[in-house]
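One structure is given below, encoded as structure tokens.
The values are calculated or read from the model by the stated rules, or taken from the named source; none is laboratory data. A quick note: this is a predicted structure, and the numbers were derived from the prediction, not measured. Glycine also receives a Cβ, built like all others from the backbone with ideal geometry; neighbour counts cover every protein chain displayed. Just the protein is used for accessible areas: all its heavy atoms, side chains included, with ligands, DNA and RNA removed. Shrake-Rupley method; radii C 1.70, N 1.55, O 1.52, S 1.80 Å.
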Amino acid sequence: MMNIEASTAAAARPNSRLRQLYHTMRRIRTFEERVGELFVRGQSAGSMLHLSIGEESAAAGTCLAMRDGDTFTTHHRGHGIFLARGADPARMMAEIGGKEAGYCHGKGGSMHIADMGLGHLGANAIVGGGIPAVVGAALAIRHHKKPNVSVAFFGDGATGQGILYESMNMAALWRLPCVFVCINNQYGMGTRIDQATANTSLHERALAFGLAAETVDGLDVEAVADAAERLVNGARNGQPAFLVIDCYRFYGHARKDKSPYRDAAEEETGRQKDPVLHARRALLDSGLAEAGELDALDAEIDREMDATIDFTVGQAEPPLSSMFRDVYAPDEPEPEPVRTRIDRVLASD
Ligand SMILES: Cc1ncc(C[n+]2csc(CCOP(=O)(O)OP(=O)(O)O)c2C)c(N)n1
Ligand SMILES: [Mg+2]
């Protein structure tokens, strides 16, 4: 617990942007750690989970520049982004656990979570799959004369997908309010970026299409937030943009991957690029926070995420009878032959 002097000192200090960013990143880190635990406890739905540990600044820094009404899509490693956009961690984790209480009633899971209310147009397991949806969403924003933007979050692996280039071309040609955010964690599964592409200066490709484009070091969340603010604001005014955030994927591609393709020394160096630790040091060095306050904040987040995992474990799975609910548009007929089979299974229960 925070002592009285520390809490008085905290109250006297302005709630700086860096503190806010630290808070968001720390919540993402702890959420992801608990998701890893959910997997180990055999409580996550499906066999794949992709954690964004090491990439927290990309989510926190970019989302700070977004507003209510902005929309976005994410790749398969999108937990942190949704949290930074205001998702309820309990409903998120319940979704990852395949529980009825989840955002998609347990039918989306980690890689297909979505929530129109918060502007989340969907995570996507197909590399690059969420990118064109953002171009369409940006076209709709402009058509309806809204002051919003749509943001596509994806990994460096998606720069090998043709759909990215078609999307950038249309965005630039029609000057759409959209931003492409490439989280370059140096790896696409087991392949390092320099083994996948000759020119690793990824933002240069976007410049060639006529987008505003920058690369920023993800170690420094304030630098990410500054770049995001510039580019997102530009996009609101009709200059689509591309932001590359350089970081390091701390762990394997998915929970079962022990990264045999990279050595311990590389991982050790890579994990020094820790944006959460870096922000903590910057807060302490600049006098914006004291260690006791940050420890208390961390403890509060631990409690929040402990309650989140407890909530998830205690929730029910969706009943079989709800299999078709929320899957098809309300006016679409359910696929009859499958429906009949399910009815038969239900009747024999
Ligand atoms: C079109 C397509 N090809 C291949 C895959 C298999 N796959 C899943 S994740 C992944 C690597 C993605 O790397 P990156 O885009 O850098 O994202 P990261 O996992 O590093 O966050 C691949 C090849 C896929 N899901 N979709
Ligand atoms: Mg990657």
Options Asp194, Asp220, Asp226: the member that is within 16 Å of ligand 2 (Cβ to nearest atom), open to solvent by 20 Å² or more (accessible area, probe 1.4 Å) and of a type in the set (Asp, Glu): Asp194
Regarding Ile301, is this residue part of a helix (DSSP H, G or I), β-branched (Val, Ile, Thr) and under 21 Å from Arg91 (Cα atoms)? yes
With criteria (1) in contact (Cβ under 8 Å) with a residue 60 or more places away in the chain; (2) within 15 Å of ligand 2 (Cβ to nearest atom); (3) touching a strand residue (DSSP E or B) at 6+ places or on another chain (Cβ under 7 Å), Asp257 comes up short on (3)
Which numbered condition trips up Arg85, out of (1) open to solvent by 30 Å² or more (accessible area, probe 1.4 Å); (2) more than 20 Å from Lys146 (Cβ to Cβ); (3) in contact (Cβ under 8 Å) with a residue 12 or more places away in the chain? (2)
Look through the range 97-125, keep the residues that are within 16 Å of ligand 1 (Cβ to nearest atom), touching a Gly at 6+ places or on another chain (Cβ under 9 Å) and aliphatic (A, V, I, L, M), and return whichever of them is farthest from Arg17 (Cα to Cα). Met111
Meets criteria (away from ligand 1 (no atom under 16 Å from the Cβ), modelled with pLDDT of 95 or more and under 22 Å from the mean Cα position of the chain (by Cα)) for Val232: yes
Kindly indicate whether any position in the range 253-260 is closer than 30 Å to Ser16 by Cα, small (Gly, Ala, Ser), in contact with a Ser or Thr (Cβ under 9 Å, 6 or more places away or on another chain) and not in a helix (DSSP H, G or I). no
Only unsatisfied item for Gly108, checking (1) free of Cβ contacts under 8 Å to residues at least 24 places away in the same chain; (2) of a type outside the set (A, V, I, L, M, F, W, C); (3) closer than 17 Å to Cys178 by Cα, is (3)
Taking the range 273-313 and keeping only residues that are β-branched (Val, Ile, Thr) and open to solvent by 40 Å² or more (accessible area, probe 1.4 Å), one is left with Val313
Would you be able to tell me the number of residues in the range 34-69 that are in contact with a strand residue (DSSP E or B) (Cβ under 7 Å, 6 or more places away or on another chain) and in a loop (DSSP other than H, G, I, E, B)? 2
Is there a residue being within 16 Å of ligand 2 (Cβ to nearest atom), modelled with pLDDT of 95 or more and open to solvent by 10 Å² or more (accessible area, probe 1.4 Å) anywhere in the range 55-70? no
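Restricting to the range 156-180, and then to whatever is away from ligand 2 (no atom under 16 Å from the Cβ) and more than 14 Å from Ala208 (Cα to Cα), can you tell me which residue is farthest from the chain's Cα centre (by Cα)? First the steps, then the outcome.
Residues of the range 156-180 away from ligand 2 (no atom under 16 Å from the Cβ): 162-163, 165-179.
Then drop every residue that is not more than 14 Å from Ala208 (Cα to Cα), which leaves 162-163, 174-179.
Working: Gly162: 22, Ile163: 20, Trp174: 27, Arg175: 25, Leu176: 22, Pro177: 20, Cys178: 17, Val179: 15 Å.
Top of the filtered list is Trp174.
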Could you check the range 164-190 and list, in sequence order, the residues that are crowded, with 16+ Cβ neighbours inside 10 Å, within 29 Å of Tyr251 (Cβ to Cβ) and within 16 Å of ligand 1 (Cβ to nearest atom)? Leu164, Phe180, Val181, Cys182, Ile183, Asn184, Asn185, Gln186, Tyr187, Gly188
Within the range 142-160, considering residues that are free of Cβ contacts under 8 Å to residues at least 40 places away in the same chain and open to solvent by less than 70 Å² (accessible area, probe 1.4 Å), the one farthest from ligand 1 (Cβ to nearest atom): Gly160
Give the range 314-349 a look and list any residue that's part of a helix (DSSP H, G or I) and either touching a Pro at 6+ places or on another chain (Cβ under 8 Å) or surrounded by 14 or more Cβ atoms within 10 Å (Cβ to Cβ) (or both), or say none. Ser322, Ile342
Enumeration of residues in the range 229-254 that are among the basic types (Lys, Arg) and open to solvent by 50 Å² or more (accessible area, probe 1.4 Å): Arg230
Within the group Leu49, Leu18, Leu38, which residue is surrounded by fewer than 24 Cβ atoms within 10 Å (Cβ to Cβ) and closer than 22 Å to Glu214 by Cβ? Leu18
